[in-house]
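One structure is given below, encoded as structure tokens.
Values quoted throughout were computed directly from the atomic coordinates according to the rules given, and no laboratory measurement underlies them. Only a predicted model underlies this, so the values are computations on that prediction, with no experimental measurement involved. Methodologically, a virtual Cβ is constructed for each residue, glycine included, from the backbone with ideal geometry; neighbour enumeration extends over all protein chains shown.
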Amino acid sequence: MPVTSQVSSLPVPIGSDVALGVLVCERLRQPPFAEAGFIKRLCRIGRSQGIRLFAFAPWTWSQEDDTVRGWSWDDRNECWSSGPRKLPTVVYDRSWPESEAERNRFRLALRAIRDARRLLFLNGSLPHKGGVYEALMQDREIAALLPPTALYRGADSLAAWLRKHCGSAFLKPVAGSQGKRVVAVSSRQDGSVLLDGRNSRNRPISRRFDNEEGALRRLDGWIGRRAYLMQPLLDLRTPSGSPCDIRALLQKNRFGRWTITGIAARLGAPASVTANLHGGGTSASASDTLIRHFGASRGNELLREVRRCSIIIVDKLEQTFGRFAEIGLDYGIERNGKLWFLEANTKPGRAAMDSAGQEASILAAEQPLTYAKSILLRPPGRVIHEFDHL
């Protein structure tokens, strides 16, 4: 039986439009946007549930007739079809801007819509990773799961961190996702320093420097003006040397109650510093993975701990940042069995849930729509919270 939390109150009246729009970044290629396979699946599920669903980029909005260019999957002709669609009231953000220019275009276009129209976001948004860390640190039980974290303030701050943390560090951008532009710093006994990470295209990078000064100077130039966090370089690898983390997907059901849809393990390549699937990782059963590496007793205990802590964390995030429909939570486990909470993601992928069981795989795609349907079909007398983000 899935673990659930208390029912969320859904305190902006919704009109009669029962369409759900999926926000994307439309591009001149086929498929016309990222996650086309997932959105195709949403179109099919929506059709079976009586929901008109289409994907659209906010910059296609016409203020003159209040329409956008909507994309839907055509099962009969097995292709994507597009045409003008009335701007929906409720939107599900699955946009993945590929550059800063595209990110700015998306934000400006969405802001133009919101200046003229009221939009309800199915899922809320979180601040940068530093803001999430600070909020979760306020809860004593969650704080025990958080790795020490500090803001990167130049090469001198990293040098001081290395002296304090046995010559190693893990750096990640505060606004990053999918494991892009992370870097692990490791000092060697001969004075050399290794930098291993992933670039903006999520490709592995590795470089050895003869001394710390040269390594930190090069790294500082690579980071530039981007905001980064520093954390300990935790030993989150399996005995075979593959990086491993645990992804828990939490979603609200049609009653507005949090449920744990599924929990899966993600395994990266031995040479990688992350286990993200976007970086070439693979998924596996969390239960099998934990039992194999920690034994039945500790493995099952860790799984129960992940489930219990996940409900506490999403409740805390909602109390602090507003309402959500789904959140992905990532955990790391050191070889000694110590559990760490790594980060939260409000645009969680679905691929890992295929390894969490057939029910989890189905629910991962269905639950955003059953929850959206409960909002779209809510009687006019009921009101719901408008998520302000971007």
Requested in this report: Starting from the Cα of K316, draw a straight line to each of the aspartates and glutamates and keep only those under 16 Å, dropping any in the same chain fewer than 8 residues away.
Outcome: E134, D139, E141, E326, D330, E343
Query raised in the report: R0 = 45 Å: FRET efficiency of K164 with Q49, Cβ-based, nearest 0.05?
Result: 0.25
Query raised in the report: In the structure shown, do any of K180/K347; K347/K373; K129/K373; K40/K86; K86/K129; K129/K252 have a Cα-Cα gap over 26 Å, and if so which?
Result: K129/K373; K86/K129
Report task. Pick out, from G37, L234, S285, the residue whose Cα sits farthest towards the positive end of the charge dipole of the chain, with +1 on the Cβ of Lys and Arg and -1 on the Cβ of Asp and Glu. Result -> G37
Requested in this report: Quote the charge dipole size of region 4-124 about the Cα centre in Debye, to the nearest 20; the model charges only the Cβ of Lys and Arg (+1) and of Asp and Glu (-1).
Outcome: 140
Query raised in the report: What percent does the relative contact order of region 150-231 come to when contacts are Cα pairs within less than 8 Å and at least six residues apart?
Result: 34
Report task. Among L369, N336, A184, flag the residue with its Cα farthest along the positive direction of the charge dipole of the chain, charges on Cβ as +1 for Lys/Arg and -1 for Asp/Glu. Result -> L369
Query raised in the report: Can you tell which of A116, I51, S82 lies farthest toward the positive end of the dipole of region 4-124, using +1 and -1 charges on the Cβ of basic and acidic side chains (Lys, Arg; Asp, Glu)?
Result: I51
Query raised in the report: If you take the alpha carbon radius of gyration of region 291-379 and divide it by 2.2 N^0.38 Å, what ratio comes out, to two decimals?
Result: 1.28
**Report entry** Sparse-neighbourhood loop sites, GluC sites (Glu not before Pro) in region 88-148 - DSSP loop, at most 16 other Cβ within 10 angstrom
**Finding:** E98
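R107 to E134: FRET efficiency via 1/(1 + (r/R0)^6), r the Cβ-Cβ distance, R0 22 Å, to the nearest 0.05? Spell out each step's value before the answer.
On the way: r = 24 Å, r/R0 = 1.08.
The calculated FRET efficiency here is 0.40.
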Query - Virtual spin-label span in nm between A34 and Q358, 7 Å along Cα→Cβ - result: 3.2
**Report entry** Rounded FRET efficiency, nearest 0.05, which uses the C-beta distance separating R308 from T149 and R0 of 30 Å
**Finding:** 0.85
Query raised in the report: What ratio of Cα Rg to 2.2 N^0.38 Å holds for the chain?
Result: 1.03
Query raised in the report: Using helices alone, what [θ] at 222 nm do you get for the chain, with -39,500 (n - 2.57) per DSSP H run of 4 or more residues, divided over all residues and rounded to the nearest 500?
Result: -10000 deg cm²/dmol
Query - P(r) tail fraction, region 239-324 - alpha-carbon pairs more than 15 Å apart, % - result: 64
**Report entry** Positive minus negative residues near R29 (Lys, Arg vs Asp, Glu; Cβ under 15 Å)
**Finding:** -3
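Viscosity 1.306 mPa s, temperature 10 °C: give me the Stokes-Einstein translational D for region 4-124 in µm²/s, with Rh taken as the Kirkwood radius over C-alpha pairs.
Details: Rh = 15.2 Å.
In µm²/s, the coefficient is 104.
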Requested in this report: Would you work out the charge dipole size for the chain about its Cα centre, treating the Cβ of every Lys and Arg as +1 and the Cβ of every Asp and Glu as -1, and quote it to the nearest 20 debye?
Outcome: 280
Report task. Go through 352-363, 27-38, 256-267 and give me the packing order, highest mean Cβ count within 10 Å leading. Result -> 256-267, 352-363, 27-38
Query raised in the report: What ³J(HN,Hα) values, in whole Hz, does the Karplus curve 6.51 cos²θ - 1.76 cosθ + 1.60 give for region 126-140 when θ = phi - 60°, with x put for Gly and Pro?
Result: 9, x, 5, 4, x, x, 5, 4, 4, 5, 6, 5, 6, 9, 4
